[in-house]
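Peer 1: Before we start, here is the structure in question, set down as structure tokens.
The values are calculated or read from the model by the stated rules, or taken from the named source; none is laboratory data. Since this is a predicted model, take the numbers as computed values, not measurements. Here the Cβ positions follow ideal geometry from the backbone for every residue, glycine too, while neighbour counts run over all protein chains shown.
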Amino acid sequence: MTQPCPHCGSRHVVYGNHGRRVGGAVGTVAGAFSGATASSSSGARMGMKAGAAGGPVGVGAGAVLGAIAGALAGCVAGLQLGKVVDQQVICSHLCLDCQSRF
């Protein structure tokens, strides 16, 4: 259900979701980076137990898996923060009839 425009009463209103979009993108990138850097050291330790050839493979596998897990967690956190920013700070509604933002 769309919220009517408080200025003209029109129901031709769109919702921008700008905060969620930016929050999700920033959270995904930040989560992937922090997950990759944190997991590469634990992957190296596990790879070294497998032998000399396992060290580089363990670093790569740990970094990839950490980046995926970190990106997912960061994206969820960014979306939630963006939702709050959309609702509390940004004027996310745009009336298509009178072009007012609210």
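Peer 1: When you look at Ala71, is it farther than 30 Å from Gln3 by Cβ, in contact with a Ser or Thr (Cβ under 6 Å, 6 or more places away or on another chain) and modelled with pLDDT of 85 or more, yes or no?
Peer 2: yes
Peer 1: Let me ask something else. Which pairs do you get when a residue that is in contact (Cβ under 8 Å) with a residue 60 or more places away in the chain and among the polar types (S, T, N, Q), found in the stretch 86-102, comes within reach of a residue that is surrounded by 15 or more Cβ atoms within 10 Å (Cβ to Cβ) and not in a loop (DSSP other than H, G, I, E, B), reach meaning Cβ atoms under 7 angstrom, with the pair 6+ apart or on two chains?
Peer 2: Ser92/Asp86
Peer 1: Moving to a separate point now. Looking at the stretch 1-28, which of its residues are crowded, with 16+ Cβ neighbours inside 10 Å and either without any contact (Cβ under 8 Å) to a residue 40 or more places away in the chain or in a loop (DSSP other than H, G, I, E, B) (or both)?
Peer 2: Those that are crowded, with 16+ Cβ neighbours inside 10 Å and either without any contact (Cβ under 8 Å) to a residue 40 or more places away in the chain or in a loop (DSSP other than H, G, I, E, B) (or both): Cys5, Asn17.
Peer 1: Select from the stretch 69-93 the residues that are surrounded by fewer than 17 Cβ atoms within 10 Å (Cβ to Cβ) and farther than 14 Å from Gly24 by Cβ and write down the one among them that is nearest to the chain's Cα centre (by Cα).
Peer 2: My answer is Ala69.
Peer 1: Among (1) in contact with a helix residue (DSSP H, G or I) (Cβ under 7 Å, 6 or more places away or on another chain); (2) surrounded by fewer than 20 Cβ atoms within 10 Å (Cβ to Cβ); (3) at pLDDT below 80, where does Ala53 come up short?
Peer 2: Tallying (1) in contact with a helix residue (DSSP H, G or I) (Cβ under 7 Å, 6 or more places away or on another chain); (2) surrounded by fewer than 20 Cβ atoms within 10 Å (Cβ to Cβ); (3) at pLDDT below 80, Ala53 fails exactly one: (1).
Peer 1: Limited to the stretch 15-50, what total is found for residues that are among the aliphatic types (A, V, I, L, M) and modelled with pLDDT under 90?
Peer 2: Total satisfying the criteria: 6.
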